[in-house]
1. Say we look at region 75-86 and pick out the residues that are surrounded by fewer than 21 Cβ atoms within 10 Å (Cβ to Cβ) and at negative phi; which of these is modelled with the highest pLDDT?
2. Identify the single condition in (1) touching a Gly at 6+ places or on another chain (Cβ under 7 Å); (2) of a type in the set (Gly, Ala, Ser); (3) in a helix (DSSP H, G or I); (4) away from ligand 1 (no atom under 15 Å from the Cβ) that residue 188 does not satisfy, given that it satisfies every other one.
3. Any residue at all in region 135-152 that's away from ligand 2 (no atom under 16 Å from the Cβ), of a type in the set (Ser, Thr, Tyr) and surrounded by fewer than 15 Cβ atoms within 10 Å (Cβ to Cβ)?
4. In the list 112, 72, 53, which residue meets the criterion of being more than 27 Å from residue 166 (Cβ to Cβ), away from ligand 2 (no atom under 16 Å from the Cβ) and surrounded by 14 or more Cβ atoms within 10 Å (Cβ to Cβ)?
5. Within region 115-133, take every residue that is polar (S, T, N, Q) and either within 16 Å of ligand 2 (Cβ to nearest atom) or under 20 Å from residue 146 (Cβ atoms) (or both) and give me the one that is surrounded by the fewest Cβ atoms within 10 Å (Cβ to Cβ).
6. Can you confirm whether residue 21 is hydrophobic (A, V, I, L, M, F, W, C), open to solvent by 30 Å² or more (accessible area, probe 1.4 Å) and under 30 Å from residue 202 (Cβ atoms)?
7. Name the residue that is farthest from residue 120 (Cα to Cα), counting only residues in region 158-183 that are of a type in the set (D, E, K, R) and in contact with a strand residue (DSSP E or B) (Cβ under 7 Å, 6 or more places away or on another chain).
8. For region 103-172, which strands (runs of 3 or more DSSP E) that fit wholly inside it have 2 or more residues that are farther than 19 Å from residue 36 by Cβ?
Amino acid sequence: MNIILLGPPGAGKGTQARRLVEDRNMIQLSTGDMLREARTSGTEMGRLVADVMDRGELVTDDIVIGLIEEKMSGDHRGGFIFDGFPRTLAQADALGRLLERHGSALDAVIEMQVDDTALVERITARSTCADCGEVYNDITKPQPADGKCAKCGGSNFKRRADDNAESLKQRLMEYYKKTSPLIGYYYAKGNLKTIDGLGEMDAVAKEIAAALG
Ligand code: ADP
Ligand code: ZN
């Protein structure tokens, strides 16, 4: 099964993708994670995209399509979860071609709806465990008082450079201008399933499971 998690920054795509990896043995392909990894490892591409990302703008289609293409040639297991990709119509067309080339197809596009006020609250309060990626929220799920990650026991927490009010505004704008047209695109293709992404993590996971059947 191949699915796309579609939604604005802060909708919870990454969190739900990690659950699907655990529950269904799927492979998460997050272009955001791939780009951040390229930055950390100091590749030329990482240097190229750093400023663009910190400003909250989109990286060029060529770069992200190249990243996805590379990863899709690897292990398939239970299929792919595309998280944060595609983000433009050109990327959506490219993904269609890549899947076709692999003799496979898209099974569902899960649109995660969350209102804008909640997104801003989620993102500006967000931190993650540097070791396992567990997501914390200053208000709803604070880092444990003993300073140790509840999931893996690690003690390094980080905040993303682009999780600030200014670049979030830009990310939201990019979403509405360039990514939200994909909702109509996939509706027309008959792939779209819309779910309410505002609830608790478990409730959202249940909705996704129901949508996937
Ligand atoms: P979020 O969904 O919270 O905005 P991501 O981790 O998905 O975060 O993406 C972080 C940044 O990485 C984006 O703001 C953008 O600069 C870049 N990026 C990630 N995926 C793509 C993509 N498919 N196309 C263009 N840029 C991307
Ligand atoms: Zn951890």
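1. Among them, the one singled out is 78.
2. Going through the list (1) touching a Gly at 6+ places or on another chain (Cβ under 7 Å); (2) of a type in the set (Gly, Ala, Ser); (3) in a helix (DSSP H, G or I); (4) away from ligand 1 (no atom under 15 Å from the Cβ), residue 188 breaks only (1).
3. So far as region 135-152 goes, yes, one or more of its residues are away from ligand 2 (no atom under 16 Å from the Cβ), of a type in the set (Ser, Thr, Tyr) and surrounded by fewer than 15 Cβ atoms within 10 Å (Cβ to Cβ).
4. Residue meeting the stated conditions: 72.
5. Residues of region 115-133 that are polar (S, T, N, Q), as a first pass: 117, 124, 127-128.
Filter again for either within 16 Å of ligand 2 (Cβ to nearest atom) or under 20 Å from residue 146 (Cβ atoms) (or both), leaving 127-128.
Working: 127: 18, 128: 20.
The extreme case among them is 127.
6. yes
7. Ranking the qualifying residues of region 158-183, first place goes to 158.
8. Correct list: 108-113.
The values are calculated or read from the model by the stated rules, or taken from the named source; none is laboratory data. Remember, predicted model here, so these are calculated numbers, not experimental data. Note: ideal-geometry Cβ built from the backbone for every residue, glycine included; neighbour counts use all protein chains shown. These area figures cover heavy atoms from the full protein model, side chains too; ligands, DNA and RNA do not enter into them. Shrake-Rupley method; radii C 1.70, N 1.55, O 1.52, S 1.80 Å.
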